[in-house]
Amino acid sequence: KKLITIALVVLMALSVVACSNQAKKEEVADPNSIVGTWTLDFEAMMAELGEEERAFMEMMGVNADSYQMNYVFNADGTGSISMNAFGQSEEAAFTYTAQDGKLEMTATIDGETNTTTAEYQIDNGTLLLTQEGETVAFKRK
């Protein structure tokens, strides 16, 4: 459960500005809709880190195979986040609202309810989540 908490906090803490172009693997009714499955753009995240941060991540063995995060946003306002870090997997369900570029997600983990708010933008198959001036990119699956 701590991994899911960390994953939710990643949205608030990562100092990443990332954007990538990715062809869609499936047809999406509304390409500007958040509904769908999104995976962390690990390469873009690493490219935006400073040299020392990148060296630390590499020293710790953090790579695209050892660190993965996915969001699923369903049309009914429910969703899930799954994270795989160093062979440990965690998943949590959440509810969300996405309107006028604002995303609010609420999840209950270990009996504690947390709400996270971020700005969002969808650009060419990439979901950009921005909070406190930091942006994290996710590719549409």
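The values are calculated or read from the model by the stated rules, or taken from the named source; none is laboratory data. This is a predicted model, so every value here is computed, not measured. Methodologically, a virtual Cβ is constructed for each residue, glycine included, from the backbone with ideal geometry; neighbour enumeration extends over all protein chains shown. Please note that ligands, DNA and RNA were not included when accessible areas were found on the heavy atoms of the full protein model with its side chains. Shrake-Rupley method; radii C 1.70, N 1.55, O 1.52, S 1.80 Å.
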- [ ] Can you work out which of the residues in segment 93-134 that are hydrophobic (A, V, I, L, M, F, W, C) and free of Cβ contacts under 8 Å to residues at least 60 places away in the same chain is most open to solvent (accessible area, probe 1.4 Å)?
- [x] A93
Open item on the list: Please go through segment 59-92 and give me each residue that is surrounded by 12 or more Cβ atoms within 10 Å (Cβ to Cβ) and charged (D, E, K, R), ordered by number.
Closed with: E90, E91
Open item on the list: Just to be sure before I move on: is Q99 within 23 Å of N32 (Cβ to Cβ) and in contact with a helix residue (DSSP H, G or I) (Cβ under 9 Å, 6 or more places away or on another chain) in the structure I sent?
Closed with: no
TODO: Answer with yes or no whether Q131 is in contact with a helix residue (DSSP H, G or I) (Cβ under 6 Å, 6 or more places away or on another chain) and of a type outside the set (F, W, Y).
DONE: yes
Task: Condition broken by A118, with the remaining ones in (1) among the hydrophobic types (A, V, I, L, M, F, W, C); (2) within 14 Å of V35 (Cα to Cα); (3) in contact with a Lys or Arg (Cβ under 9 Å, 6 or more places away or on another chain) satisfied - done: (2)
